[in-house]
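A.B. asks: Starting off with a structure, shown below.
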Amino acid sequence: MLEGIVASPGVALARALVIAPREFVIERKTITAEKVEWEQQRFLQAVEKSKRALEEISEHTRLKIGEKEAAIFEAHLLLLSDPELINKTKEEISGSLVNAEYAFDHVSAGFVALFDAMEDEYMRERALDIRDITKRVLGNLLGEQPLDLSLLREETVIVAHDLTPSEFATIDKERLVGIITEIGGKTSHTAIMANSLEIAAVVGINNATDRIKSGDFLVLNALGDILGDASANRQKGKKQGEVQGEVHINPDQDKINYFKKLKKQYSSQLKQLDCLKGLSSQTIDGHKVHIVANIASLDEVKSVLNYDGEGVGLFRTEFLYMGRSNWPSEEEMFNLYRTVLQAMNVKTAESIGQRTVIIRTLDIGGDKELPYLKIDKELNPFLGLRAVRLCLQRPEIFKPQLRALLRASVYGQLKIMFPMISSLKEFLDVRQIYDSVKGDLEREGLPYDKKVPLGIMIEIPSAALISDVLAKHVDFFSIGTNDLIQYTCAVDRLNQNIHDLYDPYHPAVLRLIQMVIRNGHQEGIEVGMCGSLAGKPELIPLLLGLGLDEFSMSPSQMLRARQIIRSINYSDSVKIAERVMEMCSSMSSSEDIGAYLRNLNFMEP
Ligand code: PEP
Ligand code: MG
């Protein structure tokens, strides 16, 4: 079995078509001065031919896929019209007296290197666009036909080192059921298009083109732990925000049957759930809650809207700080937050425009290290300098984020949330810095929303135990069960050896959850949950009955949660909660509690 990162969810069972990396052999040929103009013309004609092809692909994509995806090819067209690229190539031909292929390959390699070296992931991925147009122009110069996969003979999983957007666009989508690539990230354009077409895709599988042969029968499971949050993957030691996908090569019939069933279940679940779009998350007897999303990047907003999310309950901002060598600037953060807020403020066919976005401030530390954050190695990083603890010690890191958040606040419905609060003093210290940042913006005359609600995560037992006090000072709570379980049960959430002790049904955990909701409501504030328990079908009736107001989970879990909410009476969920809390006080084990909740059968669609 091969493993990679899910770039687009789904299950595919089909034969593989392996696309060998197409590397052109570019020879350096010296030309005479008389030939310069001829070579330059040859180059310009190849560019023109490439542009015509791109215009066709762009139009085809606009009709078959959508405006946004077509824009990728518009961007390629712009790149191909870039005078710098064109003129530099012409100069290279005349200055170095070399053939057009060599000159263009050389100039474009310079541009690729430039983009590759950029810190911003988005900009780095633009290097792929240049590679893509380079292949196209070189193909034309060398008289090679571009890869033609416009008519696939049967349902196919394409396996490639990398699949460029233009290669992807020309593939027969009727029969393309899966994509496996060796490189590429979740933000690559191919991943974006695969997502919008709901084609299963797993990226980052090393040497996939060597390990898989054309004609192999593949099972591609790109569902990951679709019933769990990304943090579930983190528990398996995977990078947070990445869902794990798997590929089985020529599996036995039993496995094939198993995955066929899974695929069927998945698609019938999706179909059934589709009709819930536009409906409210309300119980049979009229009790309303909010079903919102956990995201970690701008890309995921599309998914939130697609699954009719009512807002974002947790935007984990730390991912912008990762995979780079220095701190993001205030401007970079401001642009990201503003774009997310604006994107969440649109009307969709299903629902209203204004959706609240809870952005959580930096939660670095624990398992989320930053190479450029120079702090001493800690013996217990999860109990160490993490999240607001770090931000309070290093206001020079914290303030730019708060400034960026406040400046972005005028673009949508923002709420700010602070992670890892363990005492009232900590929150008051955070608020002091926050107020000073507000004062700075005021003096600078920069606009911001003066009434941004401030909330805290309740993910440390000490905070849960004083939640009655904290509730008097904050505007909302969000329970972070991923950490609350680890700190309550003293079980490292990453340690596989004690994984069975990481117990969501532990009476202590359930009591704390009940206490936090009660204390929040006592002071009239909303209580949400953004830890992965909020998206677990068997726990939803219990949490509902305990009075949880907002359930925040992976976008693909949201409609399922809405379905459960809509199929139950609130009064019954209250009884379920009472029963479970009684079990917590009796001799019942957490296994009993788990079994009781599963037997209620809210998990089956
Ligand atoms: C949590 O602890 O439940 C949570 C949502 O935060 P994270 O998983 O990012 O620590
Ligand atoms: Mg946490």
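A.B. asks: So in region 467-491, with the set limited to residues that are under 16 Å from Pro381 (Cα atoms) and more than 13 Å from ligand 2 (Cβ to nearest atom), which one is modelled with the highest pLDDT?
C.D. replies: Only one residue fits best here, namely Ala490.
A.B. asks: Would it be correct to say that Gln393 is more than 16 Å from ligand 1 (Cβ to nearest atom), out of contact with any helix residue (DSSP H, G or I) (no Cβ under 9 Å at 6 or more places or on another chain) and of a type in the set (S, T, N, Q)?
C.D. replies: Values: more than 16 Å from ligand 1 (Cβ to nearest atom): yes; out of contact with any helix residue (DSSP H, G or I) (no Cβ under 9 Å at 6 or more places or on another chain): yes; of a type in the set (S, T, N, Q): yes.
Taking the combined requirement at face value, the residue satisfies it.
A.B. asks: Can you give me the ranges of the helices (runs of 4 or more DSSP H) entirely in region 97-170 with at least 3 residues that are buried (at least 18 other Cβ atoms within 10 Å of the Cβ) and in the same structural domain as Gln41 (by TED's automatic domain parsing)?
C.D. replies: Counting at least 3 such residues, we get 100-116, 121-141.
A.B. asks: Give me a count of the residues in region 374-398 that are away from ligand 2 (no atom under 16 Å from the Cβ) and closer than 24 Å to Ile460 by Cα.
C.D. replies: Of the residues in region 374-398, 11 are away from ligand 2 (no atom under 16 Å from the Cβ) and closer than 24 Å to Ile460 by Cα.
A.B. asks: In addition: Taking into account only those residues within region 446-468 that are out of contact with any strand residue (DSSP E or B) (no Cβ under 9 Å at 6 or more places or on another chain) and assigned to a loop (DSSP other than H, G, I, E, B), which is nearest to Asn294 (Cα to Cα)? Lay out the reasoning, then the answer.
C.D. replies: Residues of region 446-468 out of contact with any strand residue (DSSP E or B) (no Cβ under 9 Å at 6 or more places or on another chain): 446-448, 450-451, 460-462, 465-466, 468.
So of that shortlist, the ones also assigned to a loop (DSSP other than H, G, I, E, B) come out as 446-448, 450-451, 460, 466.
On the way: Leu446: 29, Pro447: 28, Tyr448: 24, Lys450: 25, Lys451: 23, Ile460: 19, Ile466: 26 Å.
Residue satisfying both the conditions and the ranking: Ile460.
A.B. asks: Kindly indicate which of Phe427, Phe418, Phe398 is of a type in the set (Phe, Trp, Tyr), closer than 29 Å to Val346 by Cα and buried (at least 16 other Cβ atoms within 10 Å of the Cβ).
C.D. replies: On the way: Phe427 fails: closer than 29 Å to Val346 by Cα; Phe398 fails: closer than 29 Å to Val346 by Cα.
The match here is Phe418.
A.B. asks: Okay, moving on. Among the residues of region 283-297, which ones are within 13 Å of ligand 1 (Cβ to nearest atom) and polar (S, T, N, Q)?
C.D. replies: So the first thing to find is which residues in region 283-297 are within 13 Å of ligand 1 (Cβ to nearest atom), and the list is 292-296.
Answer for region 283-297, where residues must be within 13 Å of ligand 1 (Cβ to nearest atom) and polar (S, T, N, Q): just Asn294.
A.B. asks: I've got another one for you. I need the full set of residues from region 515-574 which are more than 16 Å from ligand 2 (Cβ to nearest atom) and of a type in the set (S, T, N, Q), in order please.
C.D. replies: Asn519, Gln522, Ser556, Gln557, Gln563, Ser567, Asn569, Ser571, Ser573, listed by residue number.
A.B. asks: Enumerate the pairs (first residue in region 60-71 and within 14 Å of Lys173 (Cα to Cα); second residue anywhere and at pLDDT 75 or above and not in a helix (DSSP H, G or I)) with beta-carbon separation below 9 Å, excluding pairs fewer than 6 apart on the same chain, so at least 6 apart or on different chains.
C.D. replies: Lys64/Lys173; Ile65/Lys173
A.B. asks: From the residues in region 466-475 that are among the hydrophobic types (A, V, I, L, M, F, W, C) and surrounded by 21 or more Cβ atoms within 10 Å (Cβ to Cβ), which one is nearest to the chain's Cα centre (by Cα)?
C.D. replies: Taking region 466-475 first, the residues among the hydrophobic types (A, V, I, L, M, F, W, C) are 466, 469-471, 474.
Filter once more, so that each one left must be surrounded by 21 or more Cβ atoms within 10 Å (Cβ to Cβ): 470-471, 474.
Numbers: Leu470: 31, Ala471: 31, Val474: 28 Å.
For region 466-475, the residue satisfying everything is Val474.
A.B. asks: Can you tell me which residue is farthest from ligand 1 (Cβ to nearest atom) among those in region 412-466 that are closer than 23 Å to Arg493 by Cα and touching a Gly at 6+ places or on another chain (Cβ under 8 Å)? Quick ask: steps written out before the conclusion?
C.D. replies: As a first pass, look at region 412-466 and keep what is closer than 23 Å to Arg493 by Cα: 417-423, 456-465.
Now drop any that are not touching a Gly at 6+ places or on another chain (Cβ under 8 Å), which leaves 417-419, 457-459.
On the way: Met417: 10, Phe418: 12, Pro419: 7, Met457: 7, Ile458: 9, Glu459: 4 Å.
In this case the residue turns out to be Phe418.
A.B. asks: Pick out the one residue from Ala471, Ala408 that is away from ligand 1 (no atom under 15 Å from the Cβ), farther than 22 Å from Met344 by Cβ, in contact with a strand residue (DSSP E or B) (Cβ under 9 Å, 6 or more places away or on another chain) and in the same structural domain as Gly524 (by TED's automatic domain parsing).
C.D. replies: On the way: Ala408 fails: farther than 22 Å from Met344 by Cβ.
Answer to the selection: Ala471.
A.B. asks: Follow-up. Condition first: under 20 Å from Phe476 (Cβ atoms) and touching a residue at least 40 places away in the same chain (Cβ under 8 Å). Can you find one or more residues in region 566-583 that meet it?
C.D. replies: Taking region 566-583 first, the residues under 20 Å from Phe476 (Cβ atoms) are none.
The answer is no; no qualifying residue exists.
Residue-wise test of (1) out of contact with any Phe, Trp or Tyr (no Cβ under 7 Å at 6 or more places or on another chain); (2) surrounded by 20 or more Cβ atoms within 10 Å (Cβ to Cβ); (3) not assigned by TED's automatic domain parsing to the domain that holds Gln401.
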residue	(1), (2), (3)
Gln269	yes, no, yes
Lys277	yes, no, yes
Ser281	yes, yes, yes
Val301	yes, yes, no
Asn306	yes, no, no
Met322	yes, no, no
Arg338	no, no, no
Leu341	no, yes, no
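A.B. asks: While we're looking at this one, here's another question. Within the bounds of region 41-49, is there any residue that is buried (at least 21 other Cβ atoms within 10 Å of the Cβ) and charged (D, E, K, R)?
C.D. replies: no
A.B. asks: When the residues of region 447-465 are filtered to those that are without any contact (Cβ under 8 Å) to a residue 40 or more places away in the chain and surrounded by 13 or more Cβ atoms within 10 Å (Cβ to Cβ), which remaining residue is farthest from ligand 2 (Cβ to nearest atom)? Let's see the steps before the verdict.
C.D. replies: Here is the first cut: in region 447-465, the ones without any contact (Cβ under 8 Å) to a residue 40 or more places away in the chain are 450-451, 453-454, 456.
Narrowing the set further to residues that are surrounded by 13 or more Cβ atoms within 10 Å (Cβ to Cβ) leaves 453-454, 456.
Values: Pro453: 20, Leu454: 18, Ile456: 12 Å.
My answer is Pro453.
A.B. asks: From Ile86, Ile93, which residue is surrounded by 19 or more Cβ atoms within 10 Å (Cβ to Cβ), part of a helix (DSSP H, G or I), not charged (D, E, K, R) and not assigned by TED's automatic domain parsing to the domain that holds Val159?
C.D. replies: Details: Ile86 fails: surrounded by 19 or more Cβ atoms within 10 Å (Cβ to Cβ).
Going through Ile86, Ile93 in turn, just one is surrounded by 19 or more Cβ atoms within 10 Å (Cβ to Cβ), part of a helix (DSSP H, G or I), not charged (D, E, K, R) and not assigned by TED's automatic domain parsing to the domain that holds Val159: Ile93.
A.B. asks: Let me ask you something else. What are the residue pairs meeting all of these: first residue in region 169-182, first residue over 23 Å from Asp129 (Cβ atoms) and hydroxyl-bearing (Ser, Thr, Tyr), second residue at pLDDT 85 or above and crowded, with 23+ Cβ neighbours inside 10 Å, Cβ atoms under 9 Å, and 6 or more apart or on different chains?
C.D. replies: The qualifying pairs do not exist here.
A.B. asks: Quick one: which strands (runs of 3 or more DSSP E) lie wholly within region 288-401 and hold at least 2 residues that are in contact with a strand residue (DSSP E or B) (Cβ under 7 Å, 6 or more places away or on another chain), within 29 Å of Gly10 (Cβ to Cβ) and among the aromatic types (Phe, Trp, Tyr)? Even if it seems obvious, please write down each step before you answer.
C.D. replies: Values: elements: 290-295, 311-316, 356-360.
Fully inside region 288-401 and qualifying: nothing.
A.B. asks: Here is a follow-up. Here is a list: Val243, Val292. Which entry is surrounded by 15 or more Cβ atoms within 10 Å (Cβ to Cβ) and at pLDDT below 90? If you could, list the steps in order and put the result at the bottom.
C.D. replies: Details: Val292 fails: at pLDDT below 90.
Sole residue among the options that is surrounded by 15 or more Cβ atoms within 10 Å (Cβ to Cβ) and at pLDDT below 90: Val243.
A.B. asks: On the given criteria, is Leu392 within 23 Å of Asp475 (Cα to Cα), surrounded by 13 or more Cβ atoms within 10 Å (Cβ to Cβ) and in contact with a Leu (Cβ under 7 Å, 6 or more places away or on another chain)? Steps first, answer last, please.
C.D. replies: Working: within 23 Å of Asp475 (Cα to Cα): yes; surrounded by 13 or more Cβ atoms within 10 Å (Cβ to Cβ): yes; in contact with a Leu (Cβ under 7 Å, 6 or more places away or on another chain): no.
No: the conditions fail for Leu392.
A.B. asks: Give me the residue from region 341-373 that is away from ligand 2 (no atom under 14 Å from the Cβ) and modelled with pLDDT of 90 or more and, out of that set, nearest to Ser409 (Cα to Cα).
C.D. replies: Quick first cut of region 341-373, residues away from ligand 2 (no atom under 14 Å from the Cβ) only: 341-357, 359, 369-373.
With modelled with pLDDT of 90 or more added as a condition, the list becomes 341-344, 355-357, 359.
On the way: Leu341: 8, Gln342: 10, Ala343: 13, Met344: 13, Arg355: 13, Thr356: 11, Val357: 10, Ile359: 10 Å.
Ranking the candidates gives Leu341 first.
The values are calculated or read from the model by the stated rules, or taken from the named source; none is laboratory data. Everything quoted here is computed from the prediction, not taken from an experiment. Every residue, glycine among them, receives a Cβ derived from its backbone with ideal geometry; neighbour counts consider all protein chains shown.
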